[in-house]
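In what follows, a structure is listed as structure tokens, so that the remarks can point back to it.
The values are calculated or read from the model by the stated rules, or taken from the named source; none is laboratory data. From a predicted model like this one, the values you see are computed outputs, not experimental measurements. Methodologically, a virtual Cβ is constructed for each residue, glycine included, from the backbone with ideal geometry; neighbour enumeration extends over all protein chains shown. The area values use the complete protein model at the heavy-atom level, side chains included, leaving out ligands, DNA and RNA. Shrake-Rupley method; radii C 1.70, N 1.55, O 1.52, S 1.80 Å.
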Amino acid sequence: MYETNYHRADSLADAASKIGEEGKYLSGGQTLLPTMKQRLAAPSDLIDLSKINGLSGIEVNGKSVKIGAMTTHAEVANHSGLRDACHAISEMGGWIGDPHVRHRGTIGGSIANNDPAADYPSAMLALNATIHTDQREIAADDFFTGMFDTALKEGEIVTAVSFTAPEKCGYEKFRNPASRYAMAGVFVAHHGDAVRVGVTGASSGGVYRPADMEEALSDNFSADALDGCSVDEGDMLSDIHGSAEYRAHLVKVMAKRAVAAAH
Amino acid sequence: MAKVEMNVNGKAVAATVDDRTLLVEFLREERNLTGTHIGCDTSQCGACVVHVDGKAVKSCTMLAAQASGSDVTTIEGLAGGGELHPMQEAFRQHHGLQCGFCTPGMIMAAIDIVNRHGPDVDEKTIRHDLEGNICRCTGYHNIVKSIAAGAKEMGGSMKQAAE
């Protein structure tokens, strides 16, 4: 790891004042620190957000859900109120990394990084979530702007995500057998009047919503309804773990399984 | 430089370290607690697992500065009064190790599994929750057996303590 300067922020304003041009916010650090250890990132400063009050915790009021940015994957996985409101996001939290990683990694960190194989971005899209920052609220549809790219401005801090619990939801992912990252992960959410689908891990453009699948499922919320949908290989990632053709196939299989698992 | 203060195995320690010092480096090199191992250095193998504020974490993927103010327990902090912790004893009895390199992380992960799932944790859960710990010798079978037995023992001693 290259040299860096560690700062522990005690408020959002304090954090924003310290970020500078080459700094990075540090949340759970389960992606950033390994990246720094491999010298793939070398931020001049690390601003630790973990001790800022009010950034952690889960609130469920009926159908209304709000999850603080510093909430860990383990907390998302184990919160009974959240599981009752939206089981698929709890299951998602429990399938990220391993128990030790889930004790540190956070939902805000995952969203702000927008790794093309991260799980949460697909849930945010399918749940039509709102991303709260220290400056504004951003619709998930406008937030994820491409692989490792978001609508966040320099120095802007994700503080929470909120969404209305859907009538039914399901998440399925096909994990890379070594890294456990999603090679294709599909979150489906039935909102009553419409169905939204978020796909992660597979596309070269990062997380996305497949319009034809959403349309087919809005007419008929069943796995069979996806038979007529096609996934364009041209949009898929292709690497040593799987070809574009394979990933295109996986997306459809995972989508069908997610619909079958939805309740 | 970062000033760090934490409780390590019940003892208050303070040091000034390079900001980029990992918790595992702090434990091994500053505190000479070399039971916590560095296996892969890429956050995968789990040989470096310690407990921070009661939860298992990979100490190679946390800065010492992030742990400042926390309670840290390492493998050296488990045995008390010359007696092995029940989980350590279970690994000994059930041949849960061969070369032993992964063992400190396995035992710290095992205790975390019992803390989360209780003394009657089943084999499937143990195997699933060992996802973040890699062993290249045993084939895991005896590790799983050790954890199930250690969990039962921990349950017994928790009951005794309560009585």
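Residue check: is A:Leu55 part of a loop (DSSP other than H, G, I, E, B) and free of Cβ contacts under 8 Å to residues at least 12 places away in the same chain? Judged against the criteria, A:Leu55 is not a match. Assess whether B:Asn142 counts as being more than 14 Å from chain A (Cβ to nearest Cβ) and part of a helix (DSSP H, G or I). The answer is yes for B:Asn142.
Here A:His100, A:His87 are screened, and the one residue that is more than 21 Å from A:Ile52 (Cβ to Cβ), open to solvent by less than 10 Å² (accessible area, probe 1.4 Å) and either out of contact with any His (no Cβ under 7 Å at 6 or more places or on another chain) or not aliphatic (A, V, I, L, M) (or both) is A:His100. In the set (1) open to solvent by 10 Å² or more (accessible area, probe 1.4 Å); (2) part of a loop (DSSP other than H, G, I, E, B); (3) more than 30 Å from A:His7 (Cα to Cα); (4) of a type outside the set (Phe, Trp, Tyr), the condition left unmet by B:Asn133 is number (1). For A:Asn128, the conditions (1) touching a Ser or Thr at 6+ places or on another chain (Cβ under 9 Å); (2) open to solvent by less than 10 Å² (accessible area, probe 1.4 Å) all hold with the exception of (2). Considering only residues in the range A:35-52 that are without any contact (Cβ under 8 Å) to a residue 24 or more places away in the chain and more than 8 Å from chain B (Cβ to nearest Cβ), the one that is nearest to A:His73 (Cα to Cα) turns out to be A:Thr35. Within the range A:82-94, the set of residues being farther than 9 Å from A:Asp119 by Cα and in contact (Cβ under 8 Å) with a residue 60 or more places away in the chain comprises A:Ala85, A:Cys86, A:His87, A:Ala88, A:Ile89, A:Glu91. Name every residue in the range B:47-65 that is open to solvent by 10 Å² or more (accessible area, probe 1.4 Å) and either among the aliphatic types (A, V, I, L, M) or more than 13 Å from the chain's Cα centre (by Cα) (or both), in order of residue number. Within the range B:47-65, B:Val52 is the sole residue that qualifies. Within the range A:1-34, the set of residues being open to solvent by 60 Å² or more (accessible area, probe 1.4 Å) and away from chain B (no Cβ under 12 Å) comprises A:Asp10, A:Ala13, A:Ser17, A:Lys18, A:Glu21, A:Glu22, A:Lys24. Looking at the range B:104-114, is at least one residue more than 18 Å from B:Cys40 (Cβ to Cβ) and open to solvent by 70 Å² or more (accessible area, probe 1.4 Å)? The answer is no; no qualifying residue exists. Of all the criteria given as (1) within 18 Å of A:Gly170 (Cα to Cα); (2) away from chain B (no Cβ under 14 Å); (3) among the aliphatic types (A, V, I, L, M), the one not satisfied by A:Ala69 is (1). Checked against (1) in contact with a His (Cβ under 6 Å, 6 or more places away or on another chain); (2) away from every other protein chain (no Cβ under 14 Å), A:Leu55 meets all criteria but (1).
It is to be established whether one or more residues within the range A:76-84 are out of contact with any Phe, Trp or Tyr (no Cβ under 6 Å at 6 or more places or on another chain), within 14 Å of another protein chain (Cβ to nearest Cβ) and hydroxyl-bearing (Ser, Thr, Tyr). Scanning the range A:76-84, I find no residue that is out of contact with any Phe, Trp or Tyr (no Cβ under 6 Å at 6 or more places or on another chain), within 14 Å of another protein chain (Cβ to nearest Cβ) and hydroxyl-bearing (Ser, Thr, Tyr), so the answer is no.
Note on the range A:154-263: no enclosed strands (runs of 3 or more DSSP E) hold 2 or more residues that are within 27 Å of A:Thr71 (Cβ to Cβ), modelled with pLDDT under 95 and open to solvent by 40 Å² or more (accessible area, probe 1.4 Å). Step by step: first the residues of the range B:45-71, then only those that are in contact with a Phe, Trp or Tyr (Cβ under 7 Å, 6 or more places away or on another chain) and more than 7 Å from chain A (Cβ to nearest Cβ), then the one that is farthest from B:Asn115 (Cα to Cα). Which residue is that? Result: B:Ala64. Among the candidates A:Ala123, A:Ala117, the residue that is in contact (Cβ under 8 Å) with a residue 40 or more places away in the chain, in contact with a helix residue (DSSP H, G or I) (Cβ under 7 Å, 6 or more places away or on another chain) and not in a strand (DSSP E or B) is uniquely A:Ala123. Checking the structure you have, find out if any residue of the range A:123-138 is within 24 Å of B:Cys60 (Cα to Cα), of a type in the set (D, E, K, R) and either under 10 Å from the mean Cα position of the chain (by Cα) or assigned by TED's automatic domain parsing to the domain that holds A:Gly68 (or both). No - not one qualifying residue is present in the range A:123-138. Can you pull out every residue in the range A:203-219 that is under 14 Å from the mean Cα position of the chain (by Cα) and under 16 Å from A:Glu172 (Cα atoms)? Answer for the range A:203-219, where residues must be under 14 Å from the mean Cα position of the chain (by Cα) and under 16 Å from A:Glu172 (Cα atoms): A:Val207, A:Tyr208, A:Arg209.
Picking from residues in the range A:58-70 that are open to solvent by 10 Å² or more (accessible area, probe 1.4 Å) and in a loop (DSSP other than H, G, I, E, B), the one that is nearest to B:Lys55 (Cα to Cα) is A:Met70. Residues in the range A:71-84 that are surrounded by fewer than 24 Cβ atoms within 10 Å (Cβ to Cβ) and aliphatic (A, V, I, L, M): A:Ala74, A:Ala77, A:Leu82.
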